[in-house]
1. What number, in percent, do you get for the relative contact order of the chain if the mean sequence gap of Cα pairs under 8 Å and at least 6 apart is divided by its residue count?
2. Grab every C-alpha pair in the chain, bin the distances at 10 angstrom width from 0 up to the longest one, and report whole percents.
3. Just to confirm my numbers, what's the Cα centroid distance between region 28-103 and region 114-141 in Å?
4. Sticking with the crude label model, points 7 Å out along Cα→Cβ, report the distance from residue 26 to residue 5 in nm, one decimal please.
5. Calculate for the chain the 222 nm mean residue ellipticity that helices alone would give, adding -39,500 (n - 2.57) per DSSP H run of length 4 or more and normalising by residue count, nearest 500 deg cm²/dmol.
6. Got a sec? Charge dipole of the chain, +1 on Cβ for Lys and Arg, -1 for Asp and Glu; which of 87, 7, 66 is way out at the positive end?
7. Amide H neighbours of residue 46 under 5 Å, at least 5 residues apart or on other chains, H built in the peptide plane: list them.
8. With a cut-off of 14 Å, note down the residues of region 95-112 whose backbone N falls inside the zone around a label point 7 Å from the Cα of residue 62 toward its beta carbon.
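The values are calculated or read from the model by the stated rules, or taken from the named source; none is laboratory data. All figures in this text were calculated on a predicted structure; none of them were measured in a lab. As a convention, Cβ positions derive from the backbone with ideal geometry for all residues, glycine included, and neighbour counts pool all protein chains shown. With ligands, DNA and RNA removed, areas are computed over all heavy atoms of the protein, side chains included. Shrake-Rupley method; radii C 1.70, N 1.55, O 1.52, S 1.80 Å.
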Amino acid sequence: PSVKMFYSVKSVFNYFKIDYFEVEGDINKKHYLDMIREKEIDVIVSSNSLIFKSELLDIPSICCLNRHSALLPSYGGLWPIFQAYRSGEDYVGVSVHTMNSSIDGGIVLSNQKIPITIGCTIAELYEKCFALSASVLLDSLNKVRINDFSSCDVSKIDKSYYSFPNKEHW
């Protein structure tokens, strides 16, 4: 039997007939918050660059999780793989963390690293990170399911944060 391949969250939701809505602009608008509250959800999983304000963070009964293409706490913020690549790192990775009021803050529940090999492009690294994201998310959700909010070992990872690349970064 062949395995069904999905290339977007939307395609997964459509295939499995999961109710969803698309966000235009600010996720913190009242009508979005009301739609989310109606669902009476336990966990929100985010994989985007939207900033969740405290009212949204407080809606799920358990927590909000964010998937990030970096080994947090390093390379928080925007374009993490680009920033790691241009900084000459040996690895990039994927982290899933609890969300709080600080951008890419919270407890890193799970992460996995990916080596940056000679000749590997930024696009290829993003593809590898997205392919690895499901298993890192499932690890994190399993921890949440058993109420284990302990951090994975990030003691040897330096904290850093980046916004949009500037002219010198290119």
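1. Values: 246 pairs, mean separation 34.1, N = 170.
Relative contact order, the chain: 20 percent.
2. Bin by bin from 0 Å, the calculated values are 9, 35, 37, 17, 3, 0.
3. Computed from Cα coordinates, the inter-centre distance equals 17 Å.
4. That separation, rounded to one decimal, is 4.0 nm.
5. On the way: 5 runs with 51 residues, N = 170.
Roughly -9000 deg cm²/dmol at 222 nm, from the helical runs in the chain.
6. 7
7. For residue 46, the qualifying residues are 65, 66, 67.
8. The answer is 97-99, 109-110.
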